[in-house]
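First the structure, in the form of structure tokens, and then the observations on it.
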């Protein structure tokens, strides 16, 4: 437990490394030292910057950004739950990676909202029922959620005219696709369990 507590503190402090010029962005992140609580506090306390143009706030863009921010918030909470309730290191590693990378996304979206001159929607997502362990059914549900998130970024990137937001959405969209592949990998590993291995695992509960 201590080892994983140290892991989450270290991993939740990482930031994305610079993207390769003219190429696809790199998903792997280095430690940056901002855990989830600090992320939320930073977003809440972030000073609202004045808009560079007329000072008017584009409510449609703010709504889009907050919709995506709430989606990331939901994903973060789901995978932190899975992290603390999973029994294998593979489940924990994948869950924590997705949670931390989603924290980076949420932070970036919150910064963009602040730059526009609005406040990020940090209301707690609706409570969700979970099983005591990370089941195949829940992994499939998570794959579907990541697919929905990817589709949202794809949809909104086609509507956005601001280049900075378009780049951000496409960047996060590529991450969501990576999350889907990681979860499918986890599902394949789970499906490879034999009856004997499942019984042995249950005997070690």
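Rule-based calculations on the coordinates, nothing more; no lab input. Just so we're clear, the structure is a prediction, and the values are computed from it rather than from any experiment. Heads up, the Cβs are rebuilt from the backbone with ideal geometry, glycines too, and the neighbour counts pull from every protein chain shown.
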Mind jotting down the distance between the C-alpha centroids of the range 121-172 and the range 59-114, whole Å?
-> 8 Å
What ranking do 119, 106, 144 get, fewest neighbouring Cβ atoms within 10 angstrom at the top?
-> 144, 119, 106
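Could you put 86, 102, 59 in order, starting from the residue whose Cβ has the fewest other Cβ atoms within 10 Å? Let's see the in-between values first.
Numbers: 86 20, 102 27, 59 10.
With the fewest neighbours first, 86, 102, 59 line up as 59, 86, 102.
Quantify how much of the Cα-Cα distance distribution of the range 136-179 extends past 14 Å, in percent. Intermediate values should be presented prior to the final figure.
Details: 462 of 946 pairs.
Every Cα pair in the range 136-179 considered, those over 14 Å come to 49 percent.
Would you mind calculating the gained length between residue 135 and residue 115 on full extension (0.36 nm times residue separation, minus the Cα-Cα distance), in nm to one decimal?
Details: separation 20, 0.36 × 20 = 7.20 nm, distance 4.03 nm.
Fully extending the segment from residue 135 to residue 115 adds 3.2 nm.
Sort 61, 75 by Cβ crowding within 10 Å, fewest neighbours at the top.
Values: 61 19, 75 25.
Lowest count first: 61, 75.
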